[in-house]
Every structure is written in C-alpha cells, then in structure tokens.
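Notes follow the structure.
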Number of protein chains: 2
Amino acid sequence: MITSIAANHAKGKSAQDKIFGANAAAVAAAAKYGADKVTNATIGAILDEDEKLVCLPTIEKVYRGLATNELIAYAPISGLPDYLEKVITAAFGTSRPEGYIAAVATAGGTGVIHHTIWNYMDAGETALTSDWYWGPYKVLCQDMGRKLDTYKMLDENNKYNLPDLKAKVNEILGKQKSLLLMINTPAHNPTGYSLSEEDLQGVIDIIKEATAGTDKTVTLLLDVAYIDYAGEKEEVRKIFKKLSNLPANILSIVAYSMSKGFTLYGQRTGAMIGVSSSKEIIEEFAAINQYTSRATWSNINRPAMKTLANIYSDPELLAATEKERDDYYQMIKARADLFTKEAEECGLPMLPYVAGFFLSIPAKNPDAICDKLHEDNIFAVPLAAGVRIAVCAVPLKKIAGMAAKVQAAMQAVEK
Amino acid sequence: MITSIAANHAKGKSAQDKIFGANAAAVAAAAKYGADKVTNATIGAILDEDEKLVCLPTIEKVYRGLATNELIAYAPISGLPDYLEKVITAAFGTSRPEGYIAAVATAGGTGVIHHTIWNYMDAGETALTSDWYWGPYKVLCQDMGRKLDTYKMLDENNKYNLPDLKAKVNEILGKQKSLLLMINTPAHNPTGYSLSEEDLQGVIDIIKEATAGTDKTVTLLLDVAYIDYAGEKEEVRKIFKKLSNLPANILSIVAYSMSKGFTLYGQRTGAMIGVSSSKEIIEEFAAINQYTSRATWSNINRPAMKTLANIYSDPELLAATEKERDDYYQMIKARADLFTKEAEECGLPMLPYVAGFFLSIPAKNPDAICDKLHEDNIFAVPLAAGVRIAVCAVPLKKIAGMAAKVQAAMQAVEK
C-alpha cells in the first residue's frame with residue numbers, strides 16, 4: 001500500500017510553527033479571560049497601545065489611492081523599474097555603497113533568502129549564521145538540501161563574537177568553495193542586537209582575509225528586515241558604506257522587506273539588492289535571480305511595489321511616512337526601555353537589546369518557562385536557547401511587571 | 001579575476017522573455033503611430049473593446065472594501081482557513097471529486113507548478129507535458145534541475161493524441177520511479193484547446209495502466225488557470241469528477257489561479273489542491289507543501305485570499321462576479337469566432353480553439369512571421385512551432401482582417 005508519493009528529498013518534511021502555536025494559545029486565552037487579562041508577546045507586527053494592528057496612515061492612503069491598473073496588472077518579472085530604483089534608495093539612504101548595484105523584487109525578505117540560498121549555494125553546502133537566529137533560516141536551507149551552521153553571536157561579555165565567527169568561516173571555507181554568511185542586523189530578530197560599524201568591519205576583514213588570494217567566494221547577506229525601526233535613519237544605514245569596493249570574490253546582498261517598514265506584512269513584497277565591485281557579478285546577479293523569480297513566483301505584487309515607488313518619489317509623502325515610522329519606533333523603544341529597566345531591577349538576564357521588534361531572555365528551559373507563564377496569561381515564544389518577547393506587540397501598561405513574572409517563572413522552572 | 005560567484009547549477013542562467021519583448025515592440029509602435037493603428041496581440045490579460053485592462057467590478061469593490069487588518073496582516077503559512085475552504089469550491093463547483101482533498105495557498109498558478117516540481121520530482125527526473133506548452137514550464141523544470149519532455153498534443157486529425165501520450169508515459173516510467181504529467185486544460189495556453197471528458201478519461205486510463213501493480217507513481221497536474229473563461233461553469237468542471245477514487249499511486253493536483261478568474265494578475269494568489277484516495281498521501285501533500293511555502297515565500301497575499309473567501313461566502317457577490325466573468329467570456333468568444341471564421345475563409349491553418357485567452361497558428365518560421373507582421377503594426381508572440389494570438393486583448397474591430405494579414409505574412413515568409 002503506497003502511503004507516500006513525495007520525492008525522496010521531500011519525504012517526511014513538516015514544521016510545527018511555534019510562533020503560530022503560541023499565538024493561538026494567546027488568542028484562546030483572550031477569548032476565555034478577556035483581552036485585558038492576557039499579554040500576547042508572540043506577534044511579529046506592530047500593535048499600538050490599544051493592541052490594534054498598526055498600518056502607517058500614509059502607506060494606507062497611497063495604497064488605497066492606486067488606480068485599478070496598478071492594483072491588478074502583472075509587473076515585470078524582476079520588478080517595476082521605478083520600484084527597483086527607489087528600493088535601493090529606501091534601503092541605503094545616503095549610505096549607498098560604491099560599486100555595481102542591482103535589485104530584484106522578491107516575496108518579502110523570505111524571498112531574498114530563498115533566492116540567495118538557491119543561487120549561491122551548491123546542494124549539500126553549509127551556510128553560516130549566528131546561534132541566535134530566526135528559525136526559518138534553517139527551514140529554508142533544509143528544504144533546498146543545504147545545511148546551516150552557527151557561530152556564537154556574543155562572547156562572555158555580550159560583545160559581538162568575531163573570533164568565533166572567524167573560526168567558523170575558516171572551518172567551512174576549508175571544506176567548500178563558497179560560503180553564504182547571513183547576518184540579521186540592525187535590530188536583530190530575536191534579540192534586538194545591532195552590529196556596530198566596527199563589528200561589521202570586523203566581519204568584512206574576516207571574510208576578506210579568508211578569501212584573499214584564493215578562488216574561494218563569500219556571499220554576505222545582510223537581512224535588514226527591521227532597519228526602519230532600528231534608530232535614526234541615516235545613522236543606522238552607515239553600515240552599508242562598509243560594502244564599498246570589496247574584492248570581487250565577496251558579493252553583498254541586502255535583504256530589504258516592505259513587511260515592517262511599510263507595515264505591509266501580508267502583501268509579500270521585498271527586494272534583494274546586490275552590491276559588488278565586479279560588473280560581471282552584478283550582471284550575473286540580475287540574470288540568475290530574475291530567472292529564479294520566473295521559476296518560483298513569476299512576478300511580485302505590483303501595488304505594493306508602486307506604493308514604495310510613489311512614496312519615495314514624493315518628498316512630502318516620504319516625510320510623512322518617516323514621521324509615522326519614528327513615532328512607532330519611539331513607542332516600541334519605550335516598551336523595551338521599561339522591560340530592560342525592570343529586568344535589571346529584578347535581576348532577569350537579557351540579551352543586549354539595541355532596537356527592534358523583539359528582545360530575548362536566555363534560558364535553559366524555554367518551553368517550560370513559556371508554559372509556566374501561561375498561568376499568568378503571558379504568552380511568549382520559546383526558542384532553542386531562550387524566550388522571545390515581542391515588544392512590538394505589547395502595550396506599555398502590560399509590559400509593567402512582566403520582567404518580574406518571567407523571572408519568577410524561570411526560577412520556578414529551574415529550581 | 002573572478003567573474004562569477006553563482007553556484008555551479010546556477011551559472012549562465014538567463015531568460016529573454018519573448019512575450020515581454022513582443023509587448024515592448026507593440027507599445028513602442030503605438031507611441032509612434034498611434035494606438036488605433038497598432039494591434040497588440042501579445043498581452044495575457046483581458047482588455048475590453050476600448051483596450052482598457054479589465055478588473056471585474058465586484059472583485060474590485062470587495063478588495064477595496066477590505067478592512068485595514070485584512071489588507072496588511074500576515075496570513076498563516078498554508079493560507080487563510082476560509083480561503084482554503086472556498087477555493088476548493090471555486091475550483092470544483094458541483095464536480096468536487098470523491099476522495100481526500102487539501103489546499104495550500106500559492107503565488108498564483110506558477111507557485112503551484114513550483115511546489116509540484118520541487119516536491120514530487122527528484123533531481124534529474126523528467127516531467128511530461130504536450131508539445132504546445134506555456135514556456136515557463138520548461139524554465140521551472142530547468143531552474144530546479146529537472147527536465148521536461150513533450151508528447152504530441154494533437155494527431156493528424158487535430159484530435160487529442162492519446163497514443164503518443166501513452167508511449168511517452170511508458171517510456172519515462174521505464175526510466176524513473178515517478179512521473180509528473182502537466183496538462184493545461186480547459187482553454188489551453190497557447191492554443192485554446194480543451195480536453196473533453198473522454199480525453200481526460202483516456203489520460204487517466206493510461207496512467208492507471210502504467211502504474212497498476214507496480215510501486216511507480218504519477219502526479220497528474222491539471223493547470224486550470226483559464227477555467228473561468230472556458231465555457232459554462234459547471235459543464236467545464238465535469239472533468240474533475242474523473243479524479244474520484246483513483247489508485248493511491250496517482251496523486252492529482254489542480255493548479256488554481258486567481259490571476260484570470262478574479263482579474264487579480266499582479267496580486268499573485270492561487271492554490272494547489274490535492275486529490276487522492278489515500279488519507280496519508282493528502283496529509284503528506286499538506287505537510288510538505290506548507291513546508292516549502294515557509295521555505296519559499298513564507299505566506300501568501302492576505303487581501304486577495306480574503307476577497308475570494310468573501311465572494312464565495314455571499315451568493316449575491318458570487319452571482320455578480322459570475323455574470324461579469326460571463327460577459328467577458330462572451331466578449332473573448334466573439335473575437336475568437338471572428339478570427340476563426342476569417343481564418344477558414346482565407347485558408348489560414350489554426351490549432352483547434354475551444355475557449356480561452358489565446359489561439360495559435362502552426363507555422364515553420366514563427367519569428368519571421370511575427371517580424372513580417374510588424375509591417376502591418378500587428379504584434380503577436382512567436383512560439384517554437386507557431387504564432388500565439390491573444391484574443392483576450394484585441395478588440396473585435398481589430399480582429400477583423402487580421403487572419404488574412406497573418407496568412408499573407410506566412411506566405412511572404414515561406415515563399
């Protein structure tokens with residue numbers, strides 16, 4: 001009796017999404033006890049102080065104001081030309097790196113990672129990211145028959161751990177010809193950490209040294225999904241200058257997403273932006289990624305692309321959008337500041353948070369702690385090495401007292 | 001000097017899209033000579049008699065009326081639950097096949113083909129489709145390291161060629177354990193052919209016979225992208241009854257797209273619907289394709305899914321939508337009827353057209369004929385074995401006289 005018809009590599013695949021599961025538990029509790037009694041810290045989207053999903057008003061106005069044609073027509077495979085131009089500006093601001101640059105539209109940030117893994121890794125090769133990482137990185141590698149290894153993101157002083165990165169880069173490049181290194185910064189999911197300019201320079205020095213005088217190559221993917229809530233706009237973008245004039249055997253790819261910066265999560269639009277000192281490598285980048293787009297999703301959501309293009313073509317719309325983003329950045333920051341202050345007061349350990357939607361508590365029994373927190377009607381996401389708290393989604397009044405409860409749950413579980 | 005950084009399998013990929021190229025030439029001619037002088041028969045979308053892109057009014061009303069939440073929030077990875085329920089109804093109508101059924105949301109019809117090739121073929125295996133086929137089928141296979149072979153769709157009497165299909169099925173299953181057979185019907189792109197119920201029964205008999213008593217398997221993909229403009233709604237859906245109670249080693253997948261039926265081309269939403277007599281195989285279908293969605297695009301356009309769910313939950317909205325679709329079906333049919341009549345009158349050969357956006361003229365020198373037609377300011381798409389005319393996009397007044405001009409161009413080129 002045949003019970004499977006999947007290809008050999010596809011048999012047995014399945015994923016329980018812990019985030020959706022934790023959210024479902026929170027929703028059920030809110031229905032039972034009342035929303036005011038429940039703290040749902042699982043959601044990766046901005047909720048305002050009334051726990052309402054935020055859509056930046058200017059974005060909504062521009063999107064809803066699009067002509068029918070722009071709402072429904074196909075876009076070119078690689079993206080609308082004005083989008084591809086403006087998304088580079090949106091990503092880099094005034095810190096546009098020197099070199100050849102091309103952009104290809106994608107299905108959100110996930111789409112960038114998909115194309116990058118597919119087109120810049122051979123089957124069976126190993127990619128590298130930090131030990132605190134967004135879980136889907138591994139799912140993407142596994143589904144495409146690639147592996148994922150990790151380096152320790154932070155040393156014992158909670159500083160960015162360049163020595164461990166260097167050891168891992170050299171170890172992997174000792175075994176394979178090319179390496180994909182994925183770094184989620186600024187405002188890292190799940191910790192809220194941001195690499196400083198010096199941290200990124202250290203990364204670049206490591207991969208330059210590892211490839212110098214060899215035919216080895218590195219693809220450095222910077223996943224900047226949270227950049228628009230990471231701090232002062234131009235300040236947080238200074239890291240991009242570090243991508244200027246790198247050797248031809250280092251290709252930089254910036255994963256830009258409209259999900260958070262435009263609060264258009266469900267519209268599935270982003271862009272992969274390639275930067276190289278080599279014209280040929282950027283031409284190859286544009287050609288092979290367009291080809292994979294044709295072979296994956298054909299083309300990308302036109303109205304979302306048009307919304308970005310229109311806003312970045314109109315200084316007034318852009319100023320309004322940036323004001324709105326900044327207000328919500330400040331709202332999230334106030335929540336994270338309060339949690340951090342209370343965590344310090346009660347001695348709850350925290351990973352170093354700079355900015356972003358999430359902060360993380362390192363812990364030995366994350367699942368048990370999250371279960372214990374359910375008794376307080378607090379819902380968070382258990383990770384492999386800690387608990388993720390979505391400060392983007394919890395109003396300030398519910399943040400108050402939360403750190404102490406996490407601390408109590410941790411002590412109850414670990415005693 | 002390094003000039004490529006792509007993975008080995010990705011080096012050298014590039015695709016010139018002939019359809020976009022032909023369309024660009026038509027747009028340039030319209031700018032030069034005036035739109036009224038130019039016939040653009042390249043576009044795969046419905047243009048009305050004023051050559052304006054059509055959006056079904058009820059669809060636009062429902063989409064634009066969605067609450068902000070529905071416009072911007074993430075959807076679950078496999079799709080909104082109400083969408084997954086209603087899209088099965090939308091696809092099958094009253095001809096829902098017996099068996100286990102599950103749906104997974106995808107990026108249009110292309111997304112269905114992506115997941116099916118990825119999850120139901122091993123690397124290096126060969127898929128099968130008819131010799132007249134939508135070009136991207138091959139691009140998808142190639143990008144994922146699979147091959148595409150073809151059978152002759154029509155015999156010398158322009159009847160569906162079951163004997164050639166049978167020979168190819170047996171040839172491929174002689175070499176590999178499983179076969180993906182892709183059939184675009186009804187209203188086939190590029191010819192407008194539709195398999196009759198007897199044709200499809202013949203297909204099923206062939207794959208049943210080829211797998212009976214063996215552990216070989218067949219995945220039968222029916223690409224029904226054009227079903228909502230293929231004829232009377234329930235009549236064209238009767239083919240789905242043929243998918244009932246097939247042996248467990250045949251999995252049927254229906255590729256449903258909202259691009260044409262909802263005129264939401266650029267919103268990139270569709271669904272893969274699996275049908276099997278085996279519970280385990282449908283559970284595997286839901287699990288492995290959700291996994292690949294997570295690993296490809298994460299989740300699918302929420303407002304487009306919600307639009308379908310809302311319309312198929314409201315009999316009045318559905319009746320209005322079906323009336324609008326039928327009006328445009330009649331508009332396209334009138335154009336195809338006129339072309340067919342004039343083709344017969346002037347002796348221009350045509351592939352058997354039943355319904356749909358396109359009709360095709362078999363020819364030995366398609367590129368030369370299309371170039372020659374540019375002298376008449378007529379723009380069509382050259383295929384490997386003929387010329388594709390998009391009757392969906394050309395108003396009736398420009399159809400008049402077109403067949404004779406194609407005939408003249410063919411004679412000029414072939415003399």
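Every read-out reported here was derived from the displayed coordinates using simple, explicitly stated rules and does not represent laboratory data. Just so it is clear, the model here is predicted, and its values are computed rather than measured. Note that each Cβ is placed from the backbone with ideal geometry, even for glycine, and that neighbours are counted across all protein chains shown.
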**Request:** Between copies, how far apart are the residue B:170 label points? List them in nm, one decimal, shortest first, with each point 7 Å from Cα toward Cβ, please?
**Result:** 6.3
**Message:** Full-extension gain between residue A:330 and residue A:28, please, as 0.36 nm times their residue separation minus the C-alpha to C-alpha distance.
**Reply:** 105.7 nm
**Asked** Taking Cα pairs under 8 Å and at least six residues apart, what relative contact order does chain B come out at, in percent?
**Response** 26
**Given charges at Cβ of Lys, Arg, Asp, Glu: the stretch B:288-343 dipole, positive-most of B:312, B:331, B:297** = B:297
**Complete:** Note on the stretch B:70-118: alpha-carbon gyration tensor, axes a ≥ b ≥ c; rule is a/c under 1.5 for rounded, else prolate if a/b larger than b/c, else oblate; result oblate
**Complete:** Restricting to lysines and to Cα separations under 17 Å from residue A:233, and discarding same-chain partners fewer than 8 apart, the set is A:86, A:241, A:242, A:260, A:323, A:333
**Prompt:** Residue by residue through the stretch A:173-185, which ³J(HN,Hα) values in whole Hz follow from phi under the Karplus form 6.51 cos²θ - 1.76 cosθ + 1.60 (θ = phi - 60°), with glycine and proline marked x?
**Reply:** 6, x, 10, 9, 7, 9, 9, 9, 10, 10, 10, 9, 7
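Here is the link list: A:11/B:147; A:152/A:364; B:52/B:306; A:159/A:341. Which ones come out longer than 23 Å on Cα distance?
Those over the limit are B:52/B:306.
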**Prompt:** Under the Kirkwood approximation for Rh and a Cα-based Rg, what ratio Rg/Rh is obtained for the stretch B:75-313?
**Reply:** 0.93
**Request:** Pop out the ³J(HN,Hα) list for the stretch A:110-123 in order, Karplus 6.51 cos²θ - 1.76 cosθ + 1.60 with θ = phi - 60°, rounded to Hz; leave Gly and Pro as x.
**Result:** 4, x, 5, 5, 4, 5, 5, 4, 5, 8, 10, 10, 7, 3
**Request:** For a quick protection proxy, order the peptides A:31-41, A:356-366 by their average other-Cβ count within 10 Å, most packed first.
**Result:** A:356-366, A:31-41
**Message:** Taking R0 as 35 Å, what FRET efficiency do you get between residue B:209 and residue B:411 from their Cβ-Cβ distance, rounded to the nearest 0.05?
**Reply:** 0.20
**Prompt:** Just for chain A, what percent of DSSP beta bridges are antiparallel, to the closest 5?
**Reply:** 50
**Item:** Partner chain coverage, peptide A:103-114 - average Cβ within 10 angstrom
**Value:** 3
**Request:** Quick one: go through the stretch B:1-45 and flag any residue whose amide nitrogen is under 17 Å from the point 7 Å out along the Cα-to-Cβ line of residue A:67.
**Result:** B:27-28, B:30-31, B:35-36
**Request:** Kindly rank B:150-159, B:49-58, A:53-62 from highest to lowest mean number of other beta carbons found within 10 Å of each residue.
**Result:** A:53-62, B:49-58, B:150-159
**Message:** Taking 56 Å as R0, compute the FRET efficiency from the Cβ-Cβ separation of residue B:238 and residue B:367 and round it to 0.05.
**Reply:** 0.90
**Item:** Size of charge dipole - chain B - debye, nearest 20, with Cβ of Lys, Arg +1 and Asp, Glu -1, no other charges
**Value:** 880
**Prompt:** Using a label position 7 Å from Cα in the Cα→Cβ direction, what is the ascending list of nm distances from residue B:326 to the same site in the other copies?
**Reply:** 5.7
**Options B:212, A:231, B:93, ranked by Cα towards positive dipole end of the protein assembly as shown, top entry (Cβ charges)** = B:212
**Message:** Between the stretch A:171-229 and the stretch A:382-415, how far is it from one alpha carbon centroid to the other, in angstrom?
**Reply:** 30
**Request:** Between residue A:159 and residue A:123, with labels modelled 7 Å along Cα→Cβ, what's the label distance in nm to one decimal, could you check?
**Result:** 4.4
**Message:** List the residues, sorted by chain then number, that are 5 or more residues from residue A:386 or on another chain and whose placed amide H is less than 5 Å from its amide H.
**Reply:** A:363
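Roughly what percent of Cα-Cα pairs across the stretch B:192-285 reach past 17 Å?
Of all Cα-Cα distances in the stretch B:192-285, 55 percent exceed 17 Å.
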**Message:** For the stretch A:75-313, what does the relative contact order come out to in percent, with C-alpha contacts under 8 Å and a separation of six or more?
**Reply:** 32
**Asked** How many percent of Cα pairs in the stretch A:254-391 exceed 22 Å?
**Response** 59
**Item:** Computed [θ] at 222 nm, deg cm²/dmol, chain B (DSSP H ≥ 4; -39,500 (n - 2.57); rounded to nearest 500)
**Value:** -13500 deg cm²/dmol
**Message:** Please report the antiparallel percentage of DSSP beta bridges with both residues in the stretch A:75-313, rounded to the nearest 5.
**Reply:** 40
**Prompt:** How big, on average over all directions, is the shadow cast by the Cα convex hull of the protein assembly as shown, in nm²?
**Reply:** 35.1
**Item:** Separation between Cα centres of the stretch A:333-367 and the stretch B:14-53, rounded to whole Å
**Value:** 57
**Prompt:** Going out from 0 in 10 Å bins, what whole percent of all Cα-Cα distances in the stretch B:46-90 drops into each bin?
**Reply:** 21, 36, 31, 12
**Residues with amide H under 5 Å from that of residue B:126, placed H, sequence gap 5 or more** = B:147
**Asked** So, in nm, how far is label residue B:167 from label residue A:319 when the simple model puts each one 7 Å beyond its Cα toward the Cβ?
**Response** 7.3
**Prompt:** Bin by bin, in steps of 10 Å, what percent of the Cα pairs in the stretch A:112-212 do you find, going until the bin that has the longest distance?
**Reply:** 15, 49, 34, 3
**Asked** How big is the stretch A:2-75 by Rg and Dmax over its Cα atoms, in Å?
**Response** 20.2, 54
**Request:** Report Rg (one decimal) and Dmax (nearest whole number) for the stretch A:116-163, counting Cα atoms only, units Å.
**Result:** 12.3, 37
**Complete:** Along the stretch B:219-232, Karplus-curve 3J(HN,Hα) (6.51, -1.76, 1.60; θ = phi - 60°) to the nearest Hz, with x for Gly and Pro, reads 9, 9, 9, 9, 8, 9, 3, 9, 4, 7, 10, 10, x, 4
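Starting with the highest mean, order A:124-136, A:317-329, B:381-393 by the number of other Cβ atoms within 10 Å, averaged over the residues of each peptide.
Top of the packing list down: B:381-393, A:124-136, A:317-329.
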**Message:** What percentages make up the Cα-Cα pair-distance distribution of chain A when the bins are 10 Å wide from 0?
**Reply:** 5, 22, 31, 27, 14, 2, 0
**Asked** If you count the DSSP beta bridges with both ends in the protein assembly as shown, what percent of them are antiparallel, to the nearest 5?
**Response** 50
